Structures are given as structure tokens and as C-alpha cells.
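The values are calculated or read from the model by the stated rules, or taken from the named source; none is laboratory data. Because the structure is predicted, anything quoted here is derived from the model rather than measured. Neighbour counts run over all protein chains shown; Cβ positions are idealised from the backbone, glycine included. Accessible surface areas use protein heavy atoms only, side chains included; no ligands, DNA or RNA. Shrake-Rupley method; radii C 1.70, N 1.55, O 1.52, S 1.80 Å.
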Amino acid sequence: MPYPTTIGEAKADRFIEIRRRLHRYPELSGEEFETTRRIREWLGEAGIRILDVPLATGIVAEVGGYREGPVIALRADIDALPVQEETGLPFASEIPGRMHACGHDFHTAALIGTAHALKEREHDLPGTVRLIFQPAEEKAKGARQVIDSGALEGVRAIFGMHNKPDLPVGTIGIKEGPLMAAADGFIVEVAGRGSHAAVPEAGLDPIVTASHIVTALQSIVSRSVSPLESVVVSVTKLHGGTTWNVIPDRAVLEGTIRTFDENVRRRVLERFSRVVAGVAAAFDTTAAVRWIGGPPPVINDAALAEIGRETAAELGYEAVVPAPSPAGEDFAVYQREIPGLFVFMGTAGPHEWHHPAFDLDEKAVPVSVDFFTKLAEKALETWKVSRMEERV
């Protein structure tokens, strides 16, 4: 399909070049100092005002405010992953063991382009657009840092995106309700009693207990949750012992739980703890569960989703209802504070997120700039409609 955009080829090339620059020099969560400096520089080229907020990395800026109206926010994440790149691209990462394997370079470049486009029509905006370049999404810490900095004060609604490799460029996944999962991690430490492997009856084998826990945990999804509710319970690490002829006194399980509903989330976590304790007791061992709290589920606002669909239609893009993703995203933390819409931007990539050969079709950059520029304008214009005002 064609990719109808309004920003022009020269500007599209400029923002694609910004994406490539970011891709070449990725920085991990909490270490995005050079990335922050470069974003400040690129925003400064257009005279976009930077807000003074207490963030060690990341940038918060604003466009508009010359006409009375609400404040809405657009957010992009800026951090990379500890992945060794295997794309072979001419602009591949120059930092060993670090890569923009989740497309945050694309998100950032698109928001910079959107900021430039909004700046050109700043005096006509019926309100203010706050631009949030958020650090530390991959560690699910950045959104809370932004909120704690005060950067969300006065904001009535927030919008963001994630690239989607399995959607064509020009296609945007827009869905009200659950879109991405709550992502909780767990560490289970099983305590037994060690012994010689030849005399197992003298000990309490934590490896046997841990193995039965892994099996029993599978019953949470199959027997404790409705088949109409989506839940994932995955044990991804099991470690115990140091040699072949010694039964150890401890074993450790690690993994993740993904849920799309807060009530289901609470029920599953409670059931998990009971299963672990019960199995451990059955083998005369004990087990302690330590939770690694991740972001809550991404729950999109229905009225904002409708604005998103209208925006896509007006620009000639195809809006589709995407399948929910069990991946986590700390954009959800903002949605605990204010209404929000998170969309999937089609990028026609060859691999899924976090793959060492991850890449995307850069034609999606100008598409994203067009979409979020129009979406911001439309959200500001629509906000005073009674159905929006009554919700706040």
C-alpha cells in the first residue's frame, strides 16, 4: 500500500537519519546520558522549549500553550537492551553488547519529528502538547520516575506507541481495553536438607520439590483461571546443586506471570503462593516466594481509542484491532494516573522484539509523525466535548 504522509521527503529523511544515529549509539536503562543530550539538541534545532524537571536522563518538553486549552502528552521510550546486534546494518550498534533491539530508537525519532511538526503550527494549537522522552522502560522504572518528577502534572490524557513487526507500514493497531499484559517476575527459593546422593533418605531433596513445583504451577492456568481469561505462567530458570554426587540444600526457580486484568492478576499471584507452599510442605521442605513487581496491564481508554481510529481514517491509514500482547510496557503506569491510549505502529520487521537481528521498515517514521501530529491536534480539539470533560 502507499504511505501517504504530509511532512515531505526531506524531513522524513532527516528523522530517519536521527533514528539511525540513535541506533548506532544505544544506551541502557538509566544510562541514557548521551541520548538525552542529543534529543535536547534536536529539539533545540526547532526552538522547542525544554521543561526543567528533575530527571537524571530523559527529556520533557512542550509545544503550544498560546491558545487556552488542555494539556495532553505524547510519550516515547529512549533506552536500549543488553543484546549483541546481528543485523549487519551500515548503522549497526557501535557499542558491544548493546542494541536498540526493541525499536525505541524509532519511537524517539518519531516523537522528535512530531515535535518539529507541532512546533510549525504551535500558535494554532488549542492547548499544549507535552513531549515525554522517557528513560528506563526496559526495567519498568522510567514511567514512575517521570511521574515522580512532576512531569505529568496538569496533563489530561497521554498517548504512546510501540512498533509492531507483524503489521504492515501504514497499519495501526488500535484497541480499547486490555492491550498489553501486567508483567510480574518471581523468585522461589526452596530450602531442604543436603546429603550424599547415594543416601537421599538422609536429606530433603529441594530439586525434587522444585521439579514438582514447576509441574504444579501449570495447573494455575488450566484449573484456576477461566478459559476466557488470558494468563501466562512461565518458569524460565531452575538452579540447584554444584556437583553430580551431592544433593544440595537449596534450589531456586525464577520466571514470570503475565495477566491482562487486575482482579485476575491478584488471584493468580495468591494462587501461585499457595501452590508453592503446599508442594513444598508435601515434601517436608519450605519455599519462600519473592516477587519482582512489573508494570500493570496496559488498559486503553475507549474514548481516546475512538479518536485514534478517527485520526487514522482521516490520514488514509488502516486501523485494525490487534491481538493483545503478553509483553509488558510501563506506559501502563501513566494510565493508572490519567486516561491513555497506546497503539501498535506497523513496521513490517523481519523479527520480533528483542531479537539480535531486529529491524524495521523506516517508512514507518513519517507515518508515525503524521499520525501523532494529527492525533495530538484532534485530541486537543475534541477534549472539550462533554463526554471527555465528564470523565476527568
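Considering only residues that are modelled with pLDDT under 90, out of contact with any Phe, Trp or Tyr (no Cβ under 9 Å at 6 or more places or on another chain) and under 22 Å from residue 119 (Cα atoms), look in region 1-26 and name the one that is most open to solvent (accessible area, probe 1.4 Å).
In this case the residue turns out to be 6.
Counting just the residues of region 299-345 that are of a type in the set (Phe, Trp, Tyr) and in contact with a Pro (Cβ under 9 Å, 6 or more places away or on another chain), which one comes out farthest from residue 106 (Cα to Cα)?
317
So is residue 265 among the basic types (Lys, Arg) and in a helix (DSSP H, G or I) or not?
It is true that residue 265 is among the basic types (Lys, Arg) and in a helix (DSSP H, G or I).
Test each condition in (1) open to solvent by 20 Å² or more (accessible area, probe 1.4 Å); (2) in a strand (DSSP E or B); (3) more than 30 Å from residue 273 (Cα to Cα); (4) not hydroxyl-bearing (Ser, Thr, Tyr) for residue 187 and report the one that comes out false.
Condition not satisfied by residue 187: (3).
Of all residues in region 342-370, how many are of a type in the set (Val, Ile, Thr) and assigned to a strand (DSSP E or B)?
Total satisfying the criteria: 1.
Scan 137, 94, 86 and give me the residue that is of a type in the set (Asp, Glu) and in contact with a strand residue (DSSP E or B) (Cβ under 7 Å, 6 or more places away or on another chain).
Selected residue: 137, the only one of 137, 94, 86 that is of a type in the set (Asp, Glu) and in contact with a strand residue (DSSP E or B) (Cβ under 7 Å, 6 or more places away or on another chain).
Given the structure, is residue 203 over 30 Å from residue 325 (Cα atoms) and open to solvent by less than 40 Å² (accessible area, probe 1.4 Å)?
yes
Can you tell me how many residues in region 27-50 are part of a helix (DSSP H, G or I), in contact with a strand residue (DSSP E or B) (Cβ under 7 Å, 6 or more places away or on another chain) and open to solvent by less than 50 Å² (accessible area, probe 1.4 Å)?
Summing the residues that are part of a helix (DSSP H, G or I), in contact with a strand residue (DSSP E or B) (Cβ under 7 Å, 6 or more places away or on another chain) and open to solvent by less than 50 Å² (accessible area, probe 1.4 Å) in region 27-50 gives 3.
How many residues does region 137-170 contain that are buried (at least 23 other Cβ atoms within 10 Å of the Cβ) and either in a strand (DSSP E or B) or modelled with pLDDT under 95 (or both)?
8
Take region 96-132 and flag every residue that is open to solvent by 40 Å² or more (accessible area, probe 1.4 Å), touching an Asp or Glu at 6+ places or on another chain (Cβ under 8 Å) and farther than 19 Å from residue 375 by Cβ. Let's see the steps before the verdict.
The initial filter retains those residues of region 96-132 that are open to solvent by 40 Å² or more (accessible area, probe 1.4 Å), namely 96, 98, 119-121, 123-124.
Now narrow it down to the ones that are touching an Asp or Glu at 6+ places or on another chain (Cβ under 8 Å): 98, 121.
Within region 96-132, 98 is the sole residue that qualifies.
In region 89-107, how many are in a loop (DSSP other than H, G, I, E, B) and in contact (Cβ under 8 Å) with a residue 40 or more places away in the chain?
11
State all residues of region 62-92 that are open to solvent by 30 Å² or more (accessible area, probe 1.4 Å) and either acidic (Asp, Glu) or over 20 Å from the mean Cα position of the chain (by Cα) (or both); if no residue qualifies, say none.
The answer is 65, 66, 67, 68, 69, 84, 86, 87, 88, 89, 90.
Go through region 213-233 residue by residue and tally those that are in contact (Cβ under 8 Å) with a residue 60 or more places away in the chain, surrounded by 16 or more Cβ atoms within 10 Å (Cβ to Cβ) and within 11 Å of residue 276 (Cα to Cα).
1
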